[in-house]
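Notes follow the structure.
The values are calculated or read from the model by the stated rules, or taken from the named source; none is laboratory data. Here the structure is a predicted model, which is why all the values come from computation and not from measurement. Note: ideal-geometry Cβ built from the backbone for every residue, glycine included; neighbour counts use all protein chains shown. Note: areas computed on protein heavy atoms with side chains; ligands, DNA, RNA excluded. Shrake-Rupley method; radii C 1.70, N 1.55, O 1.52, S 1.80 Å.
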Amino acid sequence: MAPQRKKKKMPKVCHECHKVVEGEVCMSCGSSNLTEDWAGYLIIIDPKHSAIAERMNIDMPGRYALKVR
């Protein structure tokens with residue numbers, strides 16, 4: 001009998017600001033509109049010097065999703 005694999009829990013992402021969220025409410029914008037349907041993982045360390053952060057209107061360091069459905 002093969003060992004059962006545990007299904008990894010997909011982190012939730014805020015629909016409003018695309019931030020990866022640990023709980024049930026986004027700590028950045030306060031929204032509870034979260035989803036597990038997202039793609040692309042982005043880590044912003046220094047948003048003031050990041051072209052991607054500027055394009056996505058991100059002004060706080062953190063983990064973000066590129067595409068939220």
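Number of Lys-Lys pairs in the chain with C-alpha atoms under 18 Å apart and a separation of 8 or more places or on different chains: 4. Taking θ as phi - 60° and the Karplus parameters 6.51, -1.76 and 1.60, the scalar couplings of the range 40-48 work out to x, 10, 10, 10, 9, 9, 10, x, 5 Hz in sequence order, x denoting glycine and proline.
Less than 5 angstrom separates the built amide H of LYS12 from those of VAL21, all sequence-distant by 5 or more or on a different chain. Of the listed residues LYS19, LYS7, LYS67, the order by accessible area with a 1.4 Å probe, largest first, is LYS7, LYS67, LYS19. Here the spin labels are modelled as points 7 Å beyond Cα on the Cα-Cβ line, and at TYR41 and CYS29 they lie 2.2 nm apart. The accessible-area ordering, largest first, of the residues VAL13, VAL68 stands as VAL68, VAL13, per a 1.4 angstrom probe. Backbone geometry of the range 8-14 corresponds, through the Karplus equation with coefficients 6.51, -1.76 and 1.60 at θ = phi - 60°, to 3J(HN,Hα) couplings of 5, 6, 6, x, 8, 10, 6 Hz, x marking Gly and Pro.
Considering helices alone, the calculated mean residue ellipticity of the chain at 222 nm is -1500 deg cm²/dmol, with DSSP H runs of length four and up weighted by -39500 (n - 2.57) and normalised per residue. Once you sort the root eigenvalues of the Cα gyration tensor of the chain as a ≥ b ≥ c, which label holds: rounded (a/c under 1.5), prolate (a/b larger than b/c) or oblate (the other case)? Judged from the Cα gyration tensor, the chain comes out prolate (a/c at least 1.5, a/b above b/c).
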